[in-house]
1. Among the residues of the stretch 23-38, are any touching a residue at least 12 places away in the same chain (Cβ under 8 Å), open to solvent by 50 Å² or more (accessible area, probe 1.4 Å) and hydroxyl-bearing (Ser, Thr, Tyr)?
2. For GLU367, all conditions in the list (1) in contact with a Lys or Arg (Cβ under 9 Å, 6 or more places away or on another chain); (2) open to solvent by 30 Å² or more (accessible area, probe 1.4 Å) hold save one; what is the number of the exception?
3. Among the residues of the stretch 323-332, which ones are open to solvent by 10 Å² or more (accessible area, probe 1.4 Å) and among the aliphatic types (A, V, I, L, M)?
4. Inspect all residues belonging to the stretch 8-21 and state whether any of them is under 32 Å from the mean Cα position of the chain (by Cα), modelled with pLDDT under 90 and assigned to a loop (DSSP other than H, G, I, E, B).
5. Output the residue which, of all residues in the stretch 39-65 that are part of a loop (DSSP other than H, G, I, E, B) and among the small types (Gly, Ala, Ser), is least open to solvent (accessible area, probe 1.4 Å).
6. Failed condition for TRP182, given (1) open to solvent by 60 Å² or more (accessible area, probe 1.4 Å); (2) at pLDDT 85 or above; (3) within 28 Å of ALA228 (Cβ to Cβ), with all others met?
7. Please indicate, with yes or no, whether at least one residue in the stretch 333-356 is among the small types (Gly, Ala, Ser) and either at pLDDT below 90 or open to solvent by 50 Å² or more (accessible area, probe 1.4 Å) (or both).
8. Is it true that ALA68 is surrounded by 15 or more Cβ atoms within 10 Å (Cβ to Cβ), over 20 Å from PRO104 (Cα atoms) and among the hydrophobic types (A, V, I, L, M, F, W, C)?
Amino acid sequence: MPVPDRVRLPLSFDPEGLQRDLAHAAQSAKWQRHYSRQDYDGDWSVVPLRAPAYAMHRVNLIYADPFATDFKDLPLLAECPHFSAVVAAFQAPVRGVRLMRLAPGAVIKEHIDRESSFEDGLARVHIAVTTNDEVDFRINGVRLVLEPGSAWLVKIADPHSVANRGQTDRVHLVLDIAVNDWLRELIRSLVPETENLMHADDTPLANVPVLETPRLVLRALRRSDFAAVLELWSDPRTVALMGMKPMNEEDAWAKFLRSVGSWHVNGFGFWAIEEKASGRFAGELGFLNAKRTFDPALPVPEIGWSLMPWAKGNGYASEALGTALTWGELHFGRVRFSAIIAPENVPSLKLAHKFGFVDVAETTYKEHPIIVLHRD
């Protein structure tokens with residue numbers, strides 16, 4: 001079943017009672033610095049309350065092991081009646097339980113917890129214990145505000161980040177829960193039904209494939225990519241090579257939506273190009289059916305690409321284009337690929353020629369000279 005990236009659960013807990021338990025835990029246990037130090041700046045720390053049965057080392061005690069099958073309560077949980085009541089409220093196997101504190105000024109960078117997803121049988125629930133108005137918790141780039149005592153299922157397999165810009169700690173009680181029939185029915189009762197969108201021939205819409213090269217990942221565009229997309233298409237250095245003017249936010253947003261929607265309508269579209277080493281958005285590349293009106297008619301699929309200025313000059317475009325064309329040959333079969341490139345964009349012309357595109361015509365498109373290229 002499809003699950004949104006956040007669902008408020010119909011469970012609420014006494015904030016004052018939770019905060020009394022927090023005060024006791026803070027006096028009785030030592031906050032342990034989170035082990036994923038590359039994912040945050042500042043003080044992000046944890047107190048374990050339930051952990052894998054095998055765990056002895058402090059890292060194993062706070063690690064949300066997706067493969068563990070047996071769990072143990074640590075003595076501190078029994079000393080915290082309100083935390084224990086939270087655990088008991090879930091009619092599903094509660095695996096790990098821990099307090100997670102983000103101190104003032106600390107930032108958890110955007111990241112993905114790939115091993116934890118509802119679809120794979122694991123759910124992550126956050127209960128806010130203490131927070132402030134300056135906490136900025138985002139999933140897929142959209143802010144989520146948790147009131148003390150509220151319980152939320154959050155999809156941490158999606159990009160998420162937190163910044164505590166306030167003057168007080170942000171502490172959540174975090175539960176890892178095995179998905180069972182009770183939890184599925186609970187979520188189903190809270191999430192409106194959705195219709196499965198279909199192509200005209202009733203075949204299901206394709207998912208966006210993930211392609212990898214030695215240095216890059218070609219993946220679906222995400223809402224959180226839009227800031228980088230706007231930066232790309234509003235940069236005069238980018239659009240000058242295409243005979244275009246810099247885009248404003250409205251135009252860039254419309255282009256972004258077309259790129260995302262093409263996968264649903266056509267079964268192909270644009271990928272985000274992500275640099276593996278840094279996780280940075282390096283540009284976009286993909287296939288399109290733009291229904292351009294000029295002579296000669298442009299064969300479909302057309303292919304296009306554009307890189308962030310910082311990503312140019314190191315072979316990323318060649319690496320991504322070669323991988324995309326290989327996918328295209330398998331997906332489309334033996335078809336004629338096309339591209340349009342401005343005459344002044346010499347690097348892109350050289351790259352297209354490298355991969356077998358040939359110039360077939362010179363014309364104008366929206367009052368700008370272009371070269372039409374084909375690849376058989």
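The values are calculated or read from the model by the stated rules, or taken from the named source; none is laboratory data. Because the structure is a prediction, the values reported are computed rather than measured. Using ideal geometry, Cβ is built from the backbone for each residue, glycine included, and neighbour counts are taken over all protein chains shown. Side chains included, ligands, DNA and RNA excluded: accessible areas come from the protein's heavy atoms. Shrake-Rupley method; radii C 1.70, N 1.55, O 1.52, S 1.80 Å.
1. yes
2. (1)
3. LEU330
4. no
5. Filtering the stretch 39-65 for residues part of a loop (DSSP other than H, G, I, E, B) gives 42-43, 53-57, 63-65.
Filter again for among the small types (Gly, Ala, Ser), leaving 42, 53, 55, 64.
Working: GLY42: 52, ALA53: 48, ALA55: 1, ALA64: 21 Å².
Here the answer is ALA55.
6. Against the list (1) open to solvent by 60 Å² or more (accessible area, probe 1.4 Å); (2) at pLDDT 85 or above; (3) within 28 Å of ALA228 (Cβ to Cβ), TRP182 comes up short only on (3).
7. Step one: list which residues in the stretch 333-356 are among the small types (Gly, Ala, Ser), which gives 333, 338-339, 342, 348, 352, 356.
Narrowing the set further to residues that are either at pLDDT below 90 or open to solvent by 50 Å² or more (accessible area, probe 1.4 Å) (or both) leaves 333.
Looking for residues that are among the small types (Gly, Ala, Ser) and either at pLDDT below 90 or open to solvent by 50 Å² or more (accessible area, probe 1.4 Å) (or both), one finds at least one in the stretch 333-356, hence yes.
8. Details: surrounded by 15 or more Cβ atoms within 10 Å (Cβ to Cβ): yes; over 20 Å from PRO104 (Cα atoms): yes; among the hydrophobic types (A, V, I, L, M, F, W, C): yes.
Taking the combined requirement at face value, the residue satisfies it.
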